[in-house]
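Each remark here refers to the structure printed beneath this line.
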Amino acid sequence: MLRSLGQRPVTGSDEDPRVAELRTAVSRLRRELAALPAQFPDRGVAEDELAALAAMTISGAPEIPRLQRSLLLIAGAIGSVSALSRGLTEVRNAVDLFGEQKR
């Protein structure tokens with residue numbers, strides 16, 4: 001995983017490594033959620049927000065307030081599902097790479 005903001009992907013693309021890491025974390029959590037047989041009340045909310053995060057990674061640099069809002073909704077929706085805690089932490093760490101919103 002790309003952890004340093006100064007690192008660039010090995011592929012030679014100009015893609016922001018933070019976006020690549022977010023895309024990877026979101027994809028992994030989406031797969032884990034899809035494989036989870038249990039139904040819970042806010043599963044649809046989590047799926048919708050993960051889809052929104054995935055879409056944001058396609059268009060380039062996502063808006064920080066929107067990233068944070070999606071993260072809060074996802075955490076609220078699946079925060080009590082222990083099987084998804086690692087994936088949720090990875091998404092949170094990827095969102096944190098974008099830092100605070102500049103004022």
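The values are calculated or read from the model by the stated rules, or taken from the named source; none is laboratory data. Note that the structure is a prediction, hence the values are computed from the model and not measured. Glycine gets a Cβ as well: all are built from the backbone with ideal geometry, and neighbour counts include every protein chain shown. Surface areas here come from the heavy atoms of the whole protein model, side chains and all, with no ligands, DNA or RNA. Shrake-Rupley method; radii C 1.70, N 1.55, O 1.52, S 1.80 Å.
Under the 0.36 nm per residue contour assumption, what length would be gained going from the current alpha-carbon distance of ASP14 and ALA83 to full extension?
Numbers: separation 69, 0.36 × 69 = 24.84 nm, distance 3.45 nm.
Taking ASP14 through ALA83 to full extension adds about 21.4 nm, to one decimal.
Ordered by packing density, taken as the mean number of other Cβ atoms within 10 Å over each peptide's residues, highest first, how do 27-39, 80-92 rank? All intermediate terms of the calculation are to be shown ahead of the outcome.
Values: 27-39: 13.0, 80-92: 15.8.
Output ranking for 27-39, 80-92: 80-92, 27-39.
At a 1.4 Å probe radius, carbon and sulfur cover how many percent of the accessible area of the stretch 21-80? Each step should come with its number before you reach the end.
Values: 1820 of 3190 Å².
Percent of accessible area from carbon and sulfur atoms in the stretch 21-80: 57.
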